[in-house]
Every structure is written in C-alpha cells, then in structure tokens.
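Below you'll find the structure, written out as structure tokens, and then a few comments.
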Amino acid sequence: MSCRGVRGLPDGAWSFDGAGGGTAGGAPHRLVVLAGRSASGKTRLLEAIIAAKELVAPYAAVPSPTSWIRPGSPAAKVAIRWHLDD
C-alpha cells in the first residue's frame with residue numbers, strides 16, 4: 001500500500017505481506033499490528049484502506065475526496081495491491 005498527498009499521513013509505502021516491501025508473490029500476514037505514537041496516522045491509514053475498498057466494492061457512502069487531500073497538495077492518491085485467495 002502506498003499513499004501520496006493524503007491528509008494525516010506521511011507520503012510513503014507500507015507492506016503487509018511476507019515478502020516485506022510489497023513485492024509480488026508475498027502472501028499477506030494473517031495478523032498485522034498497527035502501533036505508533038498519538039496522532040501518527042494509525043487511524044487515517046486504516047481509513048485509507050477502507051476508502052479504497054469502498055471505491056472497489058461499495059457498501060457504505062463513498063468518502064468525500066476533498067477531506068482526503070493534504071493542504072497544499074493538488075491531489076491525493078492511495079494505491080493498494082489486493083490479495084485474493086480461495
């Protein structure tokens with residue numbers, strides 16, 4: 001997963017798979033613990049995953065795009081590689 005220009009998150013990439021670094025072929029971990037100091041972006045990272053899922057397969061209201069763009073950034077981007085199995 002990677003984010004650019006997202007309000008409340010630093011630009012960067014996060015890997016939740018066994019390959020470490022998000023390379024193709026790495027199966028996701030069965031459990032991921034998200035930890036960090038207060039206001040470090042933990043909740044926003046989870047919200048970004050949910051928002052990306054809602055754009056692919058909507059279940060609830062799609063979030064407003066303007067609330068996701070970091071002040072001073074022209075746009076925001078969340079990229080996720082989904083792992084599907086049986």
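Here Trp82 clears all of (1) of a type in the set (A, V, I, L, M, F, W, C); (2) assigned to a loop (DSSP other than H, G, I, E, B); (3) at pLDDT 90 or above except the condition numbered (3).
Output the qualifying pairs, or none if there are none: Cβ atoms under 9 angstrom, residues six or more apart or on different chains, first residue in region 74-86 and charged (D, E, K, R), second residue modelled with pLDDT under 90. Here the result reads Arg81/Asp17; Arg81/Gly22; Arg81/Ala24; Asp85/Ala27, each pair linking region 74-86 to a residue that is modelled with pLDDT under 90. Within region 50-71, which residues are under 12 Å from Arg7 (Cα atoms) and open to solvent by less than 90 Å² (accessible area, probe 1.4 Å)? Residues satisfying the conditions are Ser67, Trp68, Ile69, Arg70.
Rundown of residues vs (1) β-branched (Val, Ile, Thr); (2) closer than 19 Å to Pro71 by Cα; (3) open to solvent by 60 Å² or more (accessible area, probe 1.4 Å); (4) modelled with pLDDT of 85 or more, yes/no style:
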position	(1), (2), (3), (4)
Gly8	no, yes, no, yes
Trp14	no, no, yes, yes
Asp17	no, no, no, no
Gly26	no, no, no, no
His29	no, no, yes, yes
Val33	yes, no, yes, yes
Leu45	no, yes, no, yes
Ala48	no, yes, no, yes
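The values are calculated or read from the model by the stated rules, or taken from the named source; none is laboratory data. Just so it is clear, the structure is predicted and the values come from calculations on it, not from any experiment. In this analysis, Cβ positions are derived from the backbone assuming ideal geometry, glycine residues included, and neighbour counts consider all displayed protein chains. The accessibility values were calculated without ligands, DNA or RNA, using every heavy atom of the protein model including side chains. Shrake-Rupley method; radii C 1.70, N 1.55, O 1.52, S 1.80 Å.
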